């Protein structure tokens, strides 16, 4: 190579080395629903320029389109800042602002601008992304601001007719109660309250609240209701996240409007007493398991004498029937004093709004002697081979 050629080559090389890197343009931004804790995509990239509304709780990944940098493998630095969240105070310990990272690849490819953002409630989320920052990310390059919103709503659904007590379990053990659909990326949370009212935060409060609020419950199965009555249920969507100390916290959507739910029960007697046990007409007083819900219901006692056995069952001869009506506390009726012997009483209830019509499952065992009439101790009452009084 001649000196002239060598000098020309050196001059060209110096021009190449001295050539400034191409200027970055404001980046094109995208968002994608993505599981916050497992980093799995849950959808496609969506341009942030469209201000999309996402029906997803699991997390959100911000992306941008790579540009030519003039560096090896088109290396470039990108800084992500979370500038707004629904509650006004970002809680994003994995994406502390600004979060700065190096990226490389083919220009035009959409790449991650930082780690996933976690759900912090329904509403607007705003971000800013800068490309071409310096090594310490203190000097911003070309920047673009963008926003997306999250709008997830969960409502409770009543399945079947819930009862706090059933004489006979349902065939196949189906779900009966209140549940909520699973929100995308999260879990449902259901609460119910007896005589429920809506609290200031939208949750439900009342005389009794089920389940407890220690963690989320996707459903309230009927056996969880401790008693019949007018209940109200609300639901929300929840997802786990981290606070600024990286401790696990639960973030939730707003609670739904309350759903009224009538929880019913099969009828049961609580107690019974006998008055005037030596009189020709014996008085009986009955108290229902839920006295305030039995008011207006009619109870009918059919008294039958046990005359022998047929297998494990008694042979019964009907003696008499009497009826009465429950007030807010009890029901009273009279039976003609029967002859000496052992008697079984069938107690039928007509039903009210919250107590179903049907027979009381607890046996009414009556012993009549020449002196008086009274209830018999189940242990002292005779039984047929294989018979066991059904006590609830």
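Read-outs: derived from the displayed coordinates by stated rules, not from any lab. Please read all numbers here as calculations on a predicted model, not as lab measurements. A quick note on method: Cβ atoms are made from the backbone with ideal geometry, for glycine too, and the neighbour counts reach across all protein chains shown.
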Please work out the FRET efficiency for the pair residue 142 and residue 215, using the Cβ-Cβ distance as r and a Förster radius of 45 Å; give the result to the nearest 0.05. 0.50
If only Cα atoms are counted, what is the Rg of region 267-375, and what is its Dmax, in Å? 14.0, 42
Cβ neighbours within 10 Å, averaged per peptide: list 299-305, 210-216 in order, most packed at the top. 299-305, 210-216
Testing the spin-label approximation: label points 7 Å from Cα along Cα→Cβ at residue 300 and residue 287. State their distance in nm. 2.7
Potential extension, residue 370-residue 332 segment - 0.36 nm per residue separation minus Cα distance: 11.3 nm
If I model a spin label at residue 339 and residue 173 as a point 7 Å from the Cα along the Cα→Cβ vector, what separation in nanometres do I get? 4.9
Run through every distinct alpha carbon pair of region 21-150 and return the Kirkwood hydrodynamic radius in angstroms, one decimal place. 14.6
Residue separation times 0.36 nm, minus the C-alpha to C-alpha distance between residue 155 and residue 200: what's the value? 14.4 nm
In Å³ and rounded to a whole number, note down the convex hull volume per residue for the Cα atoms of the chain. 192
Rounded to one decimal in Å, the inverse mean reciprocal Cα-Cα distance for region 142-296, i.e. its Kirkwood radius, is 18.5
Can you compute the helix-only [θ] at 222 nm over the chain? Use -39500 (n - 2.57) per DSSP H run of at least 4 residues, normalise by all residues, nearest 500 deg cm²/dmol. -1500 deg cm²/dmol
How many nm separate the modelled label positions at residue 273 and residue 312, each set 7 Å beyond the Cα in the direction of the Cβ? 3.6
For a quick protection proxy, order the peptides 248-260, 180-192 by their average other-Cβ count within 10 Å, most packed first. 180-192, 248-260
Work out the FRET efficiency for residue 83 and residue 223 from their Cβ-Cβ distance, taking R0 = 41 Å, and round it to the nearest 0.05. 0.25
Taking the mean number of other Cβ atoms within 10 Å as a proxy for protection, how do you rank 291-297, 372-378 from highest to lowest? 291-297, 372-378
Give me the extension gain from residue 39 to residue 97: residue separation times 0.36 nm, minus the current Cα-Cα distance, reported in nm with one decimal. 18.9 nm
For the chain, set up a Gaussian network in which alpha carbons nearer than 10 Å are linked by springs, and say which option among 238, 154, 366 fluctuates the most. 366
Report the calculated FRET efficiency for residue 182 and residue 25 (r = Cβ-Cβ distance, R0 = 56 Å), to the nearest 0.05. 0.85
